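J.: Quick one: the structure is below, and I'll ask about it shortly.
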Amino acid sequence: MGYTDTIVRRGRYIDYKGGLPLTPGYDVVGIVDRIGPGETDLRMGDRVADMSVAGAYSHYMIRPLETLIQVPDGVGPKAAIEVPLMAMTGWQMLKRTAPLPPGSAVLVVGASGAVGRPMVRLARHLGLAVIGTCSAGNIPLVERLGAIAIDHAREDLLEAIRAATDGHGVAAAFDAIGVGIWETSWAALAAGGRLIGYGFQGYLESDLPTEEARIMGLFHRTWNAEGQSDSTGRSTTFYDIRERRGTHPGEYRDDATELLDMIASGALLPDEARVLHWQRRPRRIV
């Protein structure tokens, strides 16, 4: 379960347009039990992954064949579940939205988060120098991932980020927070650098009513998607994994398959997942 599942359950996920009842579960890994009509290489018993957005907290799901990604042998469900949303978000931003040559410096805001952790690993896999912001307690974790870790609560946060690049700034910054942090990420860019937003957690975690947070979040996304720029060549954009999968389904499939193959080969080591076992409780009839 990633961060997105938690905000769906709290009623703060602004892209959910359905009503109640709702079965949560943003991404799923399972075994093919039946196959309907259509051309496919899948067979019953194959393990597959998908980004369902809702419904994954189920014993059985009906999913379109074209959205299912086959999980290779040797990749268990605890490793595969990291791919459809969390690892894919970081991988596509690094590979598709802001590809950079090895040695480039990037900033990952929230490097200890569900997307931040695999993103740091993947950026290091690509040969990038990573600066990751996080809470003071998560600095050892982010350093173990291979990043220069900086406490996001430091008063001199911008100066610390720029000092980590010898004053040059970063070639790209990846920011899911917005609200205050966004300005720091923008100021940390080198000339020609790119700021990629992929969320607005700051609004979702604020005291704003849900509808007001939704409006502010949508404004934030639209403003950045329009591609703001300045005289130094710095620019902004916004990455939305659902939107991109809808417009580039082949790329999504290829990138997810590549990530799963990286896990199978040991090139990408996912987090050790904590498993919560569900137990049915006897129903009380009063």
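J.: Within the range 155-178, track down each residue that is surrounded by fewer than 19 Cβ atoms within 10 Å (Cβ to Cβ) and touching a helix residue (DSSP H, G or I) at 6+ places or on another chain (Cβ under 6 Å).
T.: Those that are surrounded by fewer than 19 Cβ atoms within 10 Å (Cβ to Cβ) and touching a helix residue (DSSP H, G or I) at 6+ places or on another chain (Cβ under 6 Å): Leu157, Leu158.
J.: For the range 19-36, give me each residue that is among the aliphatic types (A, V, I, L, M) and surrounded by 10 or more Cβ atoms within 10 Å (Cβ to Cβ).
T.: Passing the criteria: Leu22, Val28, Val29, Ile31, Val32, Ile35.
J.: Further question: Being part of a strand (DSSP E or B), in the same structural domain as Ala149 (by TED's automatic domain parsing) and in contact with a helix residue (DSSP H, G or I) (Cβ under 7 Å, 6 or more places away or on another chain) is true for just one of Gly132, Gly90. Which residue is that?
T.: Gly132
J.: Test Asp207 against the stated conditions and say whether it is surrounded by 12 or more Cβ atoms within 10 Å (Cβ to Cβ), of a type in the set (D, E, K, R) and at pLDDT 60 or above.
T.: Spelling it out, it is not the case that Asp207 is surrounded by 12 or more Cβ atoms within 10 Å (Cβ to Cβ), of a type in the set (D, E, K, R) and at pLDDT 60 or above.
J.: In addition: Could you grab the pairs with beta carbons closer than 9 Å, sequence gap of 6+ or different chains, first residue in the range 48-61 and within 11 Å of Leu22 (Cα to Cα), second one among the basic types (Lys, Arg) and in a loop (DSSP other than H, G, I, E, B)?
T.: Gly55/Arg63
J.: Restricting attention to the range 19-54, which residues are hydrophobic (A, V, I, L, M, F, W, C) and either in contact with a Leu (Cβ under 8 Å, 6 or more places away or on another chain) or not in a loop (DSSP other than H, G, I, E, B) (or both)?
T.: Val28, Val29, Ile31, Val32, Ile35, Leu42, Val48, Ala49, Met51, Ala54 - these are the residues of the range 19-54 that are hydrophobic (A, V, I, L, M, F, W, C) and either in contact with a Leu (Cβ under 8 Å, 6 or more places away or on another chain) or not in a loop (DSSP other than H, G, I, E, B) (or both).
J.: Another question about this same structure. How many residues, within the range 58-87, are surrounded by 14 or more Cβ atoms within 10 Å (Cβ to Cβ) and part of a helix (DSSP H, G or I)?
T.: The qualifying residues number 11.
J.: How many residues does the range 229-259 contain that are more than 24 Å from Gly199 (Cβ to Cβ) and in contact (Cβ under 8 Å) with a residue 60 or more places away in the chain?
T.: Matching residues across the range 229-259 total 1.
J.: Please identify the pairs in which a residue from the range 137-156 that is over 15 Å from Ser185 (Cα atoms) has its Cβ atom under 9 Å from the Cβ atom of a residue that is basic (Lys, Arg), counting only partners at least 6 apart or on another chain.
T.: Close Cβ pairs satisfying both conditions: Leu141/Arg117; Val142/Arg117; Leu145/Arg117; Leu145/Arg121; Leu145/Arg124; Gly146/Arg121; Gly146/Arg124; Ala147/Arg124.
J.: Working only within the range 151-185, note down all residues that are modelled with pLDDT under 90 and either assigned to a helix (DSSP H, G or I) or of a type in the set (A, V, I, L, M) (or both).
T.: Result: Ala176, Ile177, Val179, Ile181, Trp182, Glu183.
Conditions (1) under 26 Å from Gly233 (Cα atoms); (2) outside the structural domain of Gly199 (by TED's automatic domain parsing); (3) of a type outside the set (Val, Ile, Thr), marked per residue:
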residue	(1), (2), (3)
Pro140	no, no, yes
Ile148	yes, no, no
Ala153	no, no, yes
Asp156	yes, no, yes
Ala160	yes, no, yes
Gly169	yes, no, yes
Asp175	yes, no, yes
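J.: Examine the range 97-106 for a residue that is within 25 Å of Arg253 (Cβ to Cβ) and either in contact with an Asp or Glu (Cβ under 8 Å, 6 or more places away or on another chain) or part of a strand (DSSP E or B) (or both), and state whether such a residue exists.
T.: No, the range 97-106 contains no residue that is within 25 Å of Arg253 (Cβ to Cβ) and either in contact with an Asp or Glu (Cβ under 8 Å, 6 or more places away or on another chain) or part of a strand (DSSP E or B) (or both).
The values are calculated or read from the model by the stated rules, or taken from the named source; none is laboratory data. Computed from a predicted model, the values in this text were never measured in an experiment. Every residue, glycine as well, gets a Cβ built from its backbone with ideal geometry; the counts of neighbours run over all protein chains shown.
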